[in-house]
Every structure is written in C-alpha cells, then in structure tokens.
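Following: one structure in structure tokens, then a few remarks.
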Amino acid sequence: MRRTLFTLTLALIALLIPVIAFGADISFTIPGIDAGSAGDGSLSTTMQIVILLTVLTLLPAILLMMTSFTRFVIVFSLLRHALGLQQTPPNQVILGIALFMTFFVMSPVLNNAYTSAVKPYLASEVTQKEALARGIEPFREFMFQQTGEDELAFFIDMSGTKRPKDYDDVPTTVIIPAFITSELKRAFQIGFVIFIPFLIIDMVVASVLMSMGMMMLPPILISLPFKLMLFVLVDGWSVLVGSLVRSFH
C-alpha cells in the first residue's frame, strides 16, 4: 500500500507539472518528501495528508482533460436523450461506465508511463527531470493522435508561439486544449449519428398519431417502446461501446 500510494502520487505529479510550462523553458526541482513511517510501519501523518490532497486535487483534471473520458460520457448522455429517457441510466451509472471504459482504453498509456518513468525513478535509475519528461510523453502521444489538425493549428495560433517544426516542438499546453476541443467535436458528431434512427421513429409515430386525430396523446409515450426495442434488437450497447473503443485506434 505504501509503494502504491507513492507511485500514484509521483505519476500524477509527473503528468501535470509540465503543463505549467507555457512555451517557456522553466526548470525546477521537486522538493524532497520524507516518506518515513510513523514508527508502526504506517506512513506518517504528514505524508498521508500530502498524498490525499495531491490525489484529490489532480486526479479529476487528469481524468477530464488528458484521457478518453470526455468522449465516453458525452456520447452516453446523448444516447440517453436520443432514447427519450430522462434518468435512465442514472448519472452515476453513466459516469461509472465511462470511467471503466476510460481505464480500458488508457491502460496501454498508463502502463507505458509507469514502465518508462515511474518504475525507473523508484529504482533511482533516472533523475526527476527525466522521469517527468518520460511520464508525460505517452499522454502527449495519445492526445496528439486524437487531435484534429484544425484544432491544433487554431490553438498554436492562439498561443502566439512559433510554428512548430515537428511533434516535439508543440507545447503540452497547446496539445491539451486542442485535444479537448477535438474530443468535444467528435463526441457530438457521434451523438448526431445516434440521434438519426431514433428521430425517424419519433417522426413516424407523430405522423401516425396526427393522421389518426390523436393529438392529445404524447408521441414520446408511443415511440419510446419502439426505440427501446430497436436498440435491444441491434445489440446497441455492444455496438456503441465497440465503436467508441475502435474510434481511439
């Protein structure tokens, strides 16, 4: 447990510290922390507080900005609205599904960051600066692969930096907002495709009810069972999740 907590803290710090460098060459050193025990084999109170605050502060930002979580949670929310369901699945279920699907997609990136940065640093094989550079590199590569050229060029112009010659010259603070914008764009594109078949069902049901003079009957009340049946018959969850996972490769 002691090693796991220390490793997680180091990984989180290694991921977000380069973000503060906005195109400038900023060098610093992480202050040393005494991870000694309290005498009974457990971590000291100070170390426990540092680990807890670091995890609680940095983890949400990493999860939302540098992983596939955004695409999953937006598409699942749009699917719920396309089906006409207000609270099914609940928000907690959607967030849980998106979270574990994010772990599934990001597992190669996390393993690469641990193998190339955290593990050598714990073995005292690399310095702090080298560990930070190695730790952020797998995430930069993942975000760069999922970022559109238009979004990347837009934020490069907005940052006022010189036109980069290659991938290594692009600052991390440019890749992150470009990646987020690309994820939002792609998620809404997928959501639009999801809406089309359910929209057709709503239009057909509304037309039939109007032709029968049943204007007081809400069309959603009749179309909802048909949309649920269509989604189940085509094995919608497997198709949607599989398409989302493949969209990252």
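The values are calculated or read from the model by the stated rules, or taken from the named source; none is laboratory data. Everything numeric here is computed off the predicted structure, so don't read it as measured data. Cβ atoms come from the backbone with ideal geometry, glycine included; neighbour counts cover every protein chain shown. Just so you know, the surface numbers come from the protein's heavy atoms only, side chains and all, with ligands and any DNA or RNA stripped out. Shrake-Rupley method; radii C 1.70, N 1.55, O 1.52, S 1.80 Å.
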Could you tell me the accessible area of Glu137 in Å² (1.4 Å probe, neighbours in place), rounded to the nearest ten?
-> 70
Pseudo-spin-label distance Leu221 to Tyr167, built 7 Å along Cα→Cβ, given in nm, is 5.7
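Can you give the FRET efficiency for Asp157 and Ala61, using 1/(1 + (r/R0)^6), R0 = 22 Å, r = Cβ-Cβ distance, to the nearest 0.05?
After rounding to 0.05, the efficiency reads 0.35.
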Using a 1.4 Å probe over the heavy atoms of the protein chains, calculate the carbon and sulfur portion of the accessible area of the range 62-163 as a whole percent.
-> 61
Computed ³J(HN,Hα) along the range 179-186: with the Karplus parameters 6.51/-1.76/1.60, θ = phi - 60°, integer Hz and x for glycine or proline, the list is 5, 4, 5, 5, 5, 4, 4, 5
Go ahead and run the numbers for FRET between Ser207 and Leu99, Cβ-Cβ distance against an R0 of 41 Å, rounding to 0.05.
-> 0.50
